[in-house]
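The values are calculated or read from the model by the stated rules, or taken from the named source; none is laboratory data. In this text, all values refer to a predicted model and were calculated from it rather than measured experimentally. Glycine gets a Cβ as well: all are built from the backbone with ideal geometry, and neighbour counts include every protein chain shown. These area figures cover heavy atoms from the full protein model, side chains too; ligands, DNA and RNA do not enter into them. Shrake-Rupley method; radii C 1.70, N 1.55, O 1.52, S 1.80 Å.
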Amino acid sequence: MTISVYYPLPDQVENRKLEDDKIKRFTEKYPNVTVEKSDWHYSTDEIGIKMAANEAPTFFNTFATEAKFLVERGWAADITELWNNYEFKDQINPILQNQFLIDGKVYGVTQKGYVTSTVINKKLLDDKGVAVPSYDWTWDDMLSTAKAASDTKKGISGIAPMGKGN
């Protein structure tokens, strides 16, 4: 049996070491399976073509927001039984994992999750007399801090979400 798996790009040396270790452990446990490394990385523009041509890797990484799209087209396998038997499933953040739960079935396993950061302009907060939020702040705390720091007459926004793409 041969399967193909997502494999990091050449400049991702550490990630390649991690994948090589996973592949080694897998093939030691399942010597009847040959693992081919795929350099294709998920693209919303290419997934349909890859699936139609039967060229998509057996296992690939995707955006969690793509789960429903892939399931609706029959391009994702129901792995509920595997998930239910996964001994470390309780260590995975359910908020992240639930993005792969569709109609009560599991179609993927989150890894790493989406990393988000909040950068705080401490000088702005200090100038406005606004306390720096604690490390366990909530979205409501962030909104309150943003409102307190904003000054519409001076064009100062209390929050400035930044992103790239969608």
Accessible area per residue, 1.4 Å probe, Å², for the chain: what's the number? 77
Return the FRET efficiency for the residue pair L143, D20: r is the Cβ-Cβ distance, R0 is 35 Å, and the value is rounded to the nearest 0.05. 0.20
In what order, largest first, do E55, E66 sit by accessible area if the probe radius is 1.4 Å? E55, E66
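Sort E72, E46 by accessible area with a 1.4 Å probe, largest first.
Working: E72 120, E46 75 Å².
Largest accessible area first, the residues go E72, E46.
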Extension length gain for T27 and N121 (0.36 nm per residue less Cα distance), in nm, is 28.9 nm
Give me the percent of DSSP beta bridges within the chain that run antiparallel, rounded to the nearest 5. 35
Calculate one ³J(HN,Hα) per residue across region 7-21 by plugging θ = phi - 60° into the Karplus curve 6.51 cos²θ - 1.76 cosθ + 1.60, and present them in order as whole Hz with x for glycine and proline. 9, x, 5, x, 7, 9, 4, 5, 5, 5, 4, 5, 5, 4, 5
With respect to the cross-link table entries K24/K68; K68/K112; K122/K147; K22/K89, which display a Cα-Cα separation exceeding 21 Å? K24/K68
Considering all alpha-carbon pairs of region 77-132, what whole percent are spaced by more than 16 angstrom? 56
For I156, the residues 5 or more places away or on another chain with a placed amide H closer than 5 Å to its own amide H are D151
Gaussian network model of the chain, Cα within-10 Å springs - most flexible of I23, I95, I120: I120
Tail weight of P(r) past 18 Å, computed on alpha-carbon pairs of the chain, percent: 72
Leading residue at positive end of dipole, the chain (Cβ point charges), from V5, N85, P133: P133
Kirkwood Rh over Cα pairs of region 24-91 into Stokes-Einstein at 4 °C, 1.567 mPa s: D in µm²/s? 91
Calculated SAXS-style log₁₀ I(q)/I(0) at q = 0.18, 0.27 Å⁻¹ - region 1-61, Debye, Cα scatterers: -0.68, -1.13
What is the magnitude of the charge dipole of the chain about its Cα centre, with +1 placed on the Cβ of each Lys and Arg, -1 on the Cβ of each Asp and Glu, and no other charges, expressed in debye to the nearest 20? 460
Roughly how many Å² of F60 are accessible to a 1.4 Å probe, to the nearest 10? 50
Tell me, what % of the accessible area of the chain is carbon and sulfur with a 1.4 angstrom probe? 53
Note the full-extension length gain between A64 and E81 as 0.36 nm times their separation in residues minus their Cα-Cα distance, in nm to one decimal. 4.1 nm
